[in-house]
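The values are calculated or read from the model by the stated rules, or taken from the named source; none is laboratory data. Computed from a predicted structure; not experimentally measured. Cβ placement follows ideal geometry from the backbone for every residue including glycine, while neighbour counts extend to all protein chains displayed.
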Amino acid sequence: MPVLSLTRLLSAALLFVTTTLAHADFPALGALEASGARVTAVVVDLETGKPLERRNADLRLAPASVTKLVTAAAALETWPADKVFLTRVSATSGIGANGVLDGDLILHTEGDSTLDHSALWSLAAQIRAVGVRRVTGEIKVSTAPFGPLGCETKDRCDALEKSSTAYNAPLAAIGADYGNWCIDIKPVTAGSPATITGCGGMALPIPIEGTVNTVAGNGRMTYWADRFTVAGQGDVLRVGGNLPQGSPQSLYRAMSNPPLGLGLLLRETLKVVGVEVIGNIRVIATPAPGSSIEIARVDGLLLKEQLGRMLRFSNNYIADLLTLNIGAAANGKAGPLSDGARALSSYMQRVAPQVLPAPLFSGSGLTPENRLSAGELTAMLASVYRDPVRFPALYGGMVVPRQAPFAFLRQGNKDWMERVALKTGTMNDPVSVCGVAGYLRKKDGGWMSFAILVNGGTGFKHVPLYKSMEAIRKDIESILERN
């Protein structure tokens, strides 16, 4: 047996070490991990099924809104991509010759998360078109089959009293504009208050306290708008600051009670089209009686369009209402959000078998207790990739960094900007979370799936978002350069 010379042995050893160092798995993320962060990361070649790089692949960490990829995939397994959820208005009596409906209007839905103020105009116009001019009874908004839902997360519970944003709208079986007040602020004449209405031109059916002043077009924008809940009044919008001419704003503020807000908006819309409602707005947990007569209906967006909005803008309301519906379909009966989340865990158990199901408590990722590993996420993405029916809808809903709505994604080289399609997830409490997962396009046209979750650790509780994204981009760009 020939004996290698010492020089050749040293050369071979050096080549091995150099090659190993050159291809260390996720080196930038490794450096972040060494500083105290917790990391799980995998890239898988979908043609061979083999992982190209791995780091703590089976470590379960908080995924934040990356959870929405699981929700989207499970929804596409439950229904076809062109599934629609209907919203109906029924009457409890016939319409008299003089246009008087001596009964109630009942608003009920199949769980459409995309019902909005534009759809309310269609419902109101249909009600007017069948001859209704006056309703002597109430507008009843049915939350059946789910009934009243709890606030589940701290953000949503806080929004019962105050909200200056949209993402924390309390979950409801039925609502408009993702459970938000959609507000138009239009600065017209300098020195005069800006006009404040609901989106679409209807009057906002809640009190408005304060004014937004109109200033010259070159003035500074300082306006603000917060929604408060006041005992005895319900929701109140408080506003202030300045808004320059020529810069109208449309904004969303979470409702404290989305079903009640929906009823108020429908009454206001009916008023505009010439239908008077005498009674109050009431939220009920029972379905419309079998004797009621349907007089108006609207289709929600196609499921694939809902998923596109959910993934692109990380819409929590869509995600968790879909989760409720997924749970109802899986269990054969409606239940709370926890039932839907268990259906998501069961889905993950089927596509990425583990000893224990993934602990998921919401489909939005608002619950910080959610846990997933990069290995589970890439296995789920691989499962969808192999399905020619579901893959186009899931992939089509993801964000390509060059076209991303968020600036922190629109950074990096050409490979990152154009060969990546992903969903992000971020959170700050109780530790920081930065997650990305999706698909990578290979140079030869093939595909890879990837998932990276970075959580704050005991020694580095809050990792700055820019640091996490820098490490993620650097490692993904290196992988794309080689594949």
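How many residues does segment 98-130 hold that are surrounded by fewer than 17 Cβ atoms within 10 Å (Cβ to Cβ) and aliphatic (A, V, I, L, M)? Qualifying residue count for the region: 3.
The residue list F361, F313 contains one member that is buried (at least 21 other Cβ atoms within 10 Å of the Cβ) and within 27 Å of N257 (Cβ to Cβ), which is F361. If you go through segment 424-473 and pick out every residue that is assigned to a helix (DSSP H, G or I), of a type outside the set (S, T, N, Q), under 17 Å from S35 (Cα atoms) and touching a residue at least 60 places away in the same chain (Cβ under 8 Å), you end up with 5.
Within segment 406-413, not a single residue is closer than 16 Å to F26 by Cβ and either of a type in the set (V, I, T) or buried (at least 21 other Cβ atoms within 10 Å of the Cβ) (or both). Entry remark, segment 61-89: residues being touching a Leu at 6+ places or on another chain (Cβ under 6 Å) and in a strand (DSSP E or B) number 3 in total.
Yes/no per residue for (1) in contact (Cβ under 8 Å) with a residue 24 or more places away in the chain; (2) of a type in the set (G, A, S); (3) within 16 Å of E77 (Cβ to Cβ):
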| residue | (1), (2), (3) |
| --- | --- |
| Q306 | yes, no, yes |
| S314 | yes, yes, no |
| D320 | yes, no, no |
| A334 | yes, yes, no |
| L337 | yes, no, no |
| A343 | yes, yes, yes |
| A352 | yes, yes, yes |
| V355 | no, no, no |
| L360 | yes, no, yes |
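The test for being crowded, with 19+ Cβ neighbours inside 10 Å, in a strand (DSSP E or B) and in contact with a Pro (Cβ under 8 Å, 6 or more places away or on another chain) holds for I185.
The residue of segment 221-232 that is surrounded by the most Cβ atoms within 10 Å (Cβ to Cβ), among those that are modelled with pLDDT of 95 or more and assigned to a loop (DSSP other than H, G, I, E, B), is Y223.
I'm trying to understand the selection: among the residues of segment 196-228, which are more than 12 Å from Q245 (Cα to Cα) and hydroxyl-bearing (S, T, Y)? If the condition is that a residue be more than 12 Å from Q245 (Cα to Cα) and hydroxyl-bearing (S, T, Y), then T197, T211, T222, Y223 are the ones that fit.
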